[in-house]
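Each remark here refers to the structure printed beneath this line.
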Amino acid sequence: PIIEDALQPLYMLHQCHPGSVYVFGGHDGGGLSPSSINGALRRDLRALGMRSITVHGLRHTMAALSVTHQQSVRVLQAVLGHADVST
């Protein structure tokens, strides 16, 4: 799921890579590697004076905060793409 307000900016970003299926594409129109995404995130967080975290770490944080704020486990399961609610 995606927040409706995020669709327009994402659509505009996608226009920067015509012909690519990716919103955040590489210079060659392909996808970005996990290491390049994490590297950019690490660099930007360092520039802001913030502690480093990976995209996977952000995923875990989102899941933990969702549980803390009583988000439906079934909704969280769907958002995370887990087949089994116990994972």
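The numbers here are math on the coordinates, done by the rules we state, and not lab data. Just so it is clear, the structure is predicted and the values come from calculations on it, not from any experiment. For neighbour counting, all protein chains shown are included, and Cβ atoms are generated from backbone atoms with ideal geometry for every residue, glycine included.
Couple of notes before you dig in:
- Helix 34-47 and the longest principal axis of the Cα set of the chain meet at an angle near 90°.
- Sparse-neighbour loop sites [chymotrypsin sites (Phe, Trp or Tyr not before Pro); segment 1-63; at most 13 other C-beta within 10 Å; DSSP]: TYR22
- Label corresponding to log10 I(q)/I(0) by the Debye sum over Cα atoms at q = 0.16 Å⁻¹ when calculated from the structure given, among (i) -0.63; (ii) -0.77; (iii) -0.92: (iii)
- Dividing the mean sequence gap of close Cα pairs (under 8 Å, 6+ apart) by how many residues the chain holds gives a relative contact order of 13 percent.
- Spacing of the two label points (7 Å from each Cα toward its C-beta) at VAL55 and LEU80, in nm: 1.8
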